[in-house]
1. From a point 7 Å beyond the Cα of K190 in the direction of its Cβ, which residues of the stretch 277-297 have a backbone N at a distance under 19 Å?
2. What is the distance, in nm, between label points placed 7 Å from the Cα along the Cα-to-Cβ direction at R211 and at E295?
3. Please identify every one of the chymotrypsin sites (Phe, Trp or Tyr not before Pro) in the stretch 48-97 that sits in a loop by DSSP and has no more than 10 other beta carbons within 10 Å of its own beta carbon.
4. Work out how far the C-alpha atoms of the chain reach from end to end along every principal axis, then list the three figures in whole Å, largest first.
5. Between D242 and R32, what is the spin-label point distance in nm, taking each point 7 Å from the Cα along the Cα→C-beta axis?
6. Net charge around N288, counting only other residues with Cβ within less than 13 Å of its Cβ (Lys, Arg = +1; Asp, Glu = -1)?
7. All other residues with a Cβ under 15 Å from the Cβ of K66 taken together, and with Lys, Arg as +1 and Asp, Glu as -1, what is their net charge?
8. Using just the helices of the chain, give the 222 nm mean residue ellipticity in deg cm²/dmol: DSSP H runs with n ≥ 4 each add -39,500 (n - 2.57), and the total is spread over all residues, rounded to 500.
Amino acid sequence: MDSSSDLIQNHCKKGIWKAALELEESERIPLRDEKIKLFAGNSHPDLARAISEYLEVPLSRATVSKFTNDETRVQIEESVRGYEVFVIQSMCYPVNDSIMELLIMVDALARASASVVNVVAPYFGYAKQEKKTAGREPISAKLVANLLTVAGANRVITMDLHAAAIQGFFDIPLDNLFALPLFEYFYKEKGIVGSDVVVVSPDAGGVARARHFAERLNATMAIIFKRRPEPDKNEIIEIVGDVKGKRAIIIDDMISTGGTLVKGAEMIKSMGATEIYACATHPILAGNAVQRIIESPIDEVAMTDTIPIPDSALHTKFCKISVAGMFGESIRRNFYNFSMSKIFF
Ligand code: R5P
């Protein structure tokens, strides 16, 4: 991680990002001594700790382990009767274990008479399987939504769902936060704004996000059209928009194999972009994605920590932007029934 990353981290720690969100100090009421408890599964302890520090509410005790037969074992170690609880668990690698831990924790908390069970899932897994594209395929995202609800969740807080329509898979409230304001702040701090910057959507599905981002940076925009000949493979068909002589920022919801990003960057470079930046909310970084990115023409990748960032990405090309403050703030606002619109904007 480079010094610009440190800069942003320090800003996040000092709470300067809140100024960027224009939160009013008068709305800040300490959560200490309220009937709130935070729990975390095993998927992302660092983020859970950072959220707990932001809120100044300690993580409550729970054992989340395995029986000898590999089944997930959960024991909530303190009373939650009448408390509003927030379970922090990203649905990341090992995905199925992370989801199972979450479901069983929610079940245990609901059965233990928590007043409200909130699921805080910074990364919502199985989101790419949100519709049938061929016969006899599942809609796995809907199945995960059903499982959470049946387990006893009363609300879900997540970020940058792969498809916004997944919100409709739930009949309980769902807050789909956006990392975009954090990326906006990041690039503005670095002076990467203005008409010589082009924001690039890596596919047709990301056009609305890229357009919104381009408007915020006073930049122009371009779109990559790609097709997927098979799962986890992609081919670029064409790029619409002018990238020649410009600083390009590719914005995506996730980096999985890195194929979309690297192929897009190569194409943009060959078309005359001078500098190539990329930002993505969910750093899945599967397989050899990190190495592919390091060897690519991309100058720098900014990623949030909705998923633990592997040590292999401790390289100057990668910058981490923490979402802990944003999730902490959304927990606080939900608990006090404050409007969430200042976080969503
Ligand atoms: C696609 O619809 C997504 O927005 C991402 O572009 C994609 O999931 C990234 O996957 P990969 O890194 O494997 O190309």
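1. Within reach of a label on K190: 277-285, 290-297.
2. 3.7 nm
3. Those that pass, being in a loop and sparsely packed, are F67.
4. If we take the Cα atoms of the chain, the spans are 61, 53, 34 Å.
5. The two pseudo-label positions are separated by 5.8 nm.
6. -1
7. Around K66, the surrounding residues sum to -3.
8. Mean residue ellipticity, 222 nm, calculated: -9500 deg cm²/dmol.
The values are calculated or read from the model by the stated rules, or taken from the named source; none is laboratory data. These numbers were taken from a predicted model, which means no experiment stands behind them. Using ideal geometry, Cβ is built from the backbone for each residue, glycine included, and neighbour counts are taken over all protein chains shown. Please note that ligands, DNA and RNA were not included when accessible areas were found on the heavy atoms of the full protein model with its side chains. Shrake-Rupley method; radii C 1.70, N 1.55, O 1.52, S 1.80 Å.
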